[in-house]
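Right, one structure below, let's go through it.
The values are calculated or read from the model by the stated rules, or taken from the named source; none is laboratory data. Since we're looking at a predicted model, the values are computed, not measured. For neighbour counting, all protein chains shown are included, and Cβ atoms are generated from backbone atoms with ideal geometry for every residue, glycine included.
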């Protein structure tokens, strides 16, 4: 495929021509050039990082095993481009002759390497078919090497990564729509699928959490969906919560009972932090992380007291949870104004509360440890 149909874009910086079209994998692999940075030959002009063979092999494996389609365009440059190789058809539509050019890869070297890796691992007939597959390419036309290097820097330093909340939501949707999706992801990431299912149930059915979890396209909610799901990881990695419960439905029931127990406790006081998310942090990431960190220690005491077995599922009863939660929620601490606070006041935002000083990962672990010690010291009282 020497001549391809392309669509012309606006000139970059007012002087560089840009076109987008499709070429075959075979053409890309045979014409590609990658200027890799060589620290021992800094005058060579190379700027690309060294290719990660691990990344190339991992992507090639998915291309082979899952017939993966990569929709994003590869960015290439045709240096010393001649305008005679571009023929305008109508409007922005044109025909580009790439027969005599090398394609200098600006962005997409690992994808290009993966295509090459696949071709090396196919038999002759399969290779012939794979080489003819079309992929999307953005062509820079006639950009010199220095400007090409600037494009590389701009793409890699200014590109905005996809927010984790969107990734979690996408995983959830794909898991619901495709039963085979779960088997396609690494074992270490499967807890996220369970976490998403639990989170969806809690956000829909929990009296405490209903519509309080914020999704990527929503302006309503307190804690991002990804933030809530991430606080579930220690629970889902636990043998009892992660494996012995019947699945996301029962796991969500346990969580809802746990949080309703907290609500029962605070309802007995003057202020309930669940009533005002702007004033209190109990349903923000720090609150969810710390309190979820207390679920398993309480469950162990339920076991000792005979309240968590097949005959008495205390872990589904809010009042049973509240009986244990009340023992550590009396924790006293100093707020940002150096005043001692306890109860609901502990969970206030800003200087009025004390929870803010535990917002780091280490701080979260420290507060869980303090709560556990207070619960332990209350045993028998």
Is it the case that residue 333 is surrounded by 15 or more Cβ atoms within 10 Å (Cβ to Cβ) and either farther than 25 Å from residue 241 by Cα or in contact (Cβ under 8 Å) with a residue 60 or more places away in the chain (or both)? yes
Among the candidates 45, 9, 14, single out the residue that is under 23 Å from residue 100 (Cα atoms), out of contact with any strand residue (DSSP E or B) (no Cβ under 8 Å at 6 or more places or on another chain) and at pLDDT below 90. 45
Restricted to segment 57-80 and to residues being modelled with pLDDT of 85 or more and within 27 Å of residue 9 (Cβ to Cβ), the residue farthest from the chain's Cα centre (by Cα) is 80
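Yes/no matrix, rows are residues, columns are (1) outside any strand (DSSP E or B); (2) at pLDDT 95 or above; (3) surrounded by fewer than 21 Cβ atoms within 10 Å (Cβ to Cβ); (4) on the phi > 0 side of the Ramachandran plot:
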site	(1), (2), (3), (4)
288	yes, yes, no, no
293	yes, yes, yes, no
297	yes, yes, yes, no
306	yes, no, yes, yes
310	yes, no, yes, no
322	yes, yes, no, no
326	yes, yes, yes, no
Selected residue [under 30 Å from the mean Cα position of the chain (by Cα) and under 21 Å from residue 271 (Cβ atoms)] from 356, 336: 356
Could you count how many residues in segment 232-249 are closer than 21 Å to residue 208 by Cβ and either without any contact (Cβ under 8 Å) to a residue 60 or more places away in the chain or touching a strand residue (DSSP E or B) at 6+ places or on another chain (Cβ under 8 Å) (or both)? 6
When segment 81-98 is checked residue by residue, the ones that are within 41 Å of the chain's Cα centre (by Cα), closer than 27 Å to residue 115 by Cβ and not in a strand (DSSP E or B) are 81, 98
For the structure I just gave you, tell me whether residue 342 is in the same structural domain as residue 238 (by TED's automatic domain parsing), loosely packed, with under 15 Cβ neighbours inside 10 Å and modelled with pLDDT of 95 or more. yes
Only one residue in 236, 245 is modelled with pLDDT of 95 or more, touching a helix residue (DSSP H, G or I) at 6+ places or on another chain (Cβ under 9 Å) and closer than 20 Å to residue 303 by Cα. Which one? 236
Condition first: within 21 Å of residue 234 (Cβ to Cβ) and either outside the structural domain of residue 252 (by TED's automatic domain parsing) or surrounded by 17 or more Cβ atoms within 10 Å (Cβ to Cβ) (or both). Can you find one or more residues in segment 349-363 that meet it? yes
